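Asks: Attaching a single structure in structure tokens format; questions to follow.
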Number of protein chains: 2
Amino acid sequence: MDSVTENIRQQMRKGVLEYCILSILDRKEAYASTIIEELKMANMAVVEGTLYPLLIREKNQGLLAYRWEESPQGPPRKFYTLTDKGRATLMDMDIVWREINDTINTLKK
Amino acid sequence: MDSVTENIRQQMRKGVLEYCILSILDRKEAYASTIIEELKMANMAVVEGTLYPLLIREKNQGLLAYRWEESPQGPPRKFYTLTDKGRATLMDMDIVWREINDTINTLKK
DNA sequence: TACAAATACCTTGTATCGCAAGGTACTATT
DNA sequence: AATAGTACCTTGCGATACAAGGTATTTGTA
């Protein structure tokens, strides 16, 4: 794929990244490395410089909470979980996602 | 929906806007007002300040071409069409869109 | 005691993009 | 010639992914 398509791909991925992260944390508590690993397996690789500011942002919005946990090796880990508000927002995102899919289907029919 | 969700909605919509526009122009030649009208009907309203730079960008990338046409009332209209490259890019976008849907489904299963 | 390696969290600077707001220009009507 | 309607375009701003680089903790080894 050429650079134009790469750009589009990046724009599209950008839009759903927060949705992906809330979806991951809806299933289980996780710290940054785990989230990066899950995203990579789902074909949505991100780097640390993307993820950390995003987690901090979502925490500041009240969507996430975290607790520290000792690591068996190295510095402690910051485990994130969804708050009630985070779960409510995730349900809103499900709706938004369905709406956008409807929009695409309308325009392509 | 609260402001957090509104923000997410905007980010998600942002990612698919170019895809929507190429999809519209794949079906028929159109000028700005028509495109805005089609997007509004598909629940993806945008304003002029968003659309014009985007059309210019896509034209500069070689995805779109245009021709002038006299209006029955007022200044002439700029009718856009997809180029061959635009059609090829649209097919790439179809693939990217399907991949992103797969990603979401993977993370939510 | 040092030093290196591994792990983990965070920050800075850059480029892109939607949008609000405002501007320019053409045509028809009064 | 003045106004209204239509159409195209630009400027400034805020949000955000990413590349690159920084800080801090722990463990192993000389």
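Asks: If I model a spin label at A:Val47 and A:Lys14 as a point 7 Å from the Cα along the Cα→Cβ vector, what separation in nanometres do I get?
Replies: Going by the 7 Å Cα→Cβ label model, 1.6 nm.
Asks: Net charge within 12 Å of B:Glu58 by Cβ-Cβ distance, Lys/Arg positive one each and Asp/Glu negative one each, not counting B:Glu58 itself?
Replies: Details: positive: B:Arg57, B:Lys59, B:Lys85; negative: B:Glu18.
Summing Lys and Arg as +1 and Asp and Glu as -1 gives +2.
Asks: If you don't mind, there's one more thing I want to ask. Expressed as an acute angle from 0 to 90° and rounded to the nearest 10, what is the orientation of the C-alpha long axis of helix A:48-60 relative to the principal long axis of chain A?
Replies: Long axis of A:48-60 versus the principal axis of chain A: about 80 degrees.
Asks: Dividing the alpha-carbon Rg of the range B:3-108 by 2.2 N^0.38 Å yields what? Numbers along the way, then the final one.
Replies: Numbers: Rg = 15.3 Å, N = 106, 2.2 N^0.38 = 12.9 Å.
Here the answer is 1.18, to two decimals.
Asks: For A:Pro53, place a label point 7 Å from Cα along the Cα-to-Cβ direction in every copy; what are the distances to the other copies, in nm, shortest first?
Replies: Values, ascending and in nm: 1.8.
Asks: Separate question: For a quick check of your reading of the filter: which GluC sites (Glu not before Pro) in the range B:11-102 sit in a DSSP loop and have no more than 15 other Cβ atoms within 10 Å? If you can, show how the numbers build up before the last one.
Replies: On the way: sites: B:Glu18, B:Glu29, B:Glu37, B:Glu38, B:Glu48, B:Glu58, B:Glu69, B:Glu70, B:Glu99; in loops: B:Glu29, B:Glu70.
When the GluC sites (Glu not before Pro) of the range B:11-102 are filtered for loop state and at most 15 Cβ neighbours within 10 Å, B:Glu29, B:Glu70 remain.
Asks: Going through the range A:1-68, which trypsin sites (Lys or Arg not before Pro) have at most 15 other Cβ atoms within 10 Å and a DSSP loop state? Before the final figure, lay out the partial values.
Replies: Details: sites: A:Arg9, A:Arg13, A:Lys14, A:Arg27, A:Lys28, A:Lys40, A:Arg57, A:Lys59, A:Arg67; in loops: A:Lys28.
Of the trypsin sites (Lys or Arg not before Pro), the ones in loops of the range A:1-68 whose Cβ has at most 15 other Cβ atoms within 10 Å are A:Lys28.
Asks: Can you sort B:Ser71, B:Ser23 so the residue with the fewest Cβ neighbours within 10 Å comes first? Please report the intermediate quantities before stating the final value.
Replies: On the way: B:Ser71 10, B:Ser23 23.
Listed from fewest to most nearby Cβ atoms, that is B:Ser71, B:Ser23.
Asks: Roughly how big is the protein assembly as shown's charge dipole about its Cα centre, with Cβ charges of +1 (Lys, Arg) and -1 (Asp, Glu), in debye to the nearest 20? Could the numbers behind the result be given before it?
Replies: Values: 32 positive and 32 negative charges, 3 e Å.
Dipole of the protein assembly as shown, to the nearest 20 debye: 20 debye.
Asks: Hey, another quick one. Select the chain A residue whose beta carbon lies nearest to the rotation axis carrying chain A onto chain B, and write the distance in whole Å.
Replies: Residue and rounded Å distance to the axis: A:Gly15, 1.
Asks: Hey, what's the Kirkwood Rh for the protein assembly as shown if you take every pair of different alpha carbons, in angstrom?
Replies: Numbers: mean 1/r = 0.0527 Å⁻¹.
Here the Kirkwood hydrodynamic radius works out to 19.0 Å.
Asks: With contacts defined as alpha carbon pairs under 8 Å and 6 or more residues apart, what's the relative contact order of the range A:3-108 in percent?
Replies: Working: 84 pairs, mean separation 27.3, N = 106.
Relative contact order here is 26 percent.
Asks: Output wanted: per-residue J couplings in Hz (rounded whole) for the range B:25-37, from phi through Karplus 6.51 cos²θ - 1.76 cosθ + 1.60, θ = phi - 60°, x for Gly and Pro.
Replies: 6, 6, 8, 6, 4, 7, 10, 3, 4, 5, 4, 4, 5
Asks: Suppose every K and R has +1 on its Cβ and every D and E has -1 on its Cβ; what is the size of the dipole of chain B about the Cα centre, in Debye to the nearest 20?
Replies: Values: 16 positive and 16 negative charges, 20 e Å.
The dipole magnitude comes to about 100 debye.
Asks: Here's another thing I want to ask about it. Measuring from a point 7 Å out along Cα→Cβ, what nm distances, shortest first, does B:Thr81 have to its partners in the other copies?
Replies: 6.0
Asks: Measuring label to label, 7 Å along Cα→Cβ, what does A:Asp94 give against each other copy in nm, shortest first?
Replies: 3.0
Read-outs throughout are calculated quantities, based only on the coordinates presented, and are distinct from any laboratory measurement. The model shown is predicted, which means the values in this text are computed figures rather than measured ones. Heads up, the Cβs are rebuilt from the backbone with ideal geometry, glycines too, and the neighbour counts pull from every protein chain shown.
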